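Report on one structure; see the data block that follows.
The values are calculated or read from the model by the stated rules, or taken from the named source; none is laboratory data. From a predicted model like this one, the values you see are computed outputs, not experimental measurements. Here the Cβ is made from the backbone with ideal geometry for all residues, glycine too, and neighbour counts use every protein chain on show.
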C-alpha cells in the first residue's frame, strides 16, 4: 500500500542524497470528487426517511417499509463510496 506522505531518497548526482517530497496523486486531485453523486444519495436518504416516517404515522406500514428500504439502500451506497475512496 502506498503512503501519500512518503519521502523518497533521491540522488543529487554527488555523493549525498536529497530528500524530496512526492505526494501520491489521488483520484480526487484532478477535480473528480464525485460530490454530486454523494449529494444525490443524501437527498435520496432524507426523502426516503421522511416518507418512511409519514407513511408509518399514517398507518401505511408496507409503503413506509419500502421507503425505509430506499433510505437504507442510500445509506449503504454512501458507506460503500466512503470506504472505497478512503484509502486512495
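See the values below:
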| item | result |
| --- | --- |
| Restricting the range 22-49 to residues that are at pLDDT below 55 and part of a helix (DSSP H, G or I), the residue that is farthest from the chain's Cα centre (by Cα) | 30 |
| Unmet requirement for residue 59, which otherwise passes all of (1) surrounded by 13 or more Cβ atoms within 10 Å (Cβ to Cβ); (2) at positive phi | (1) |
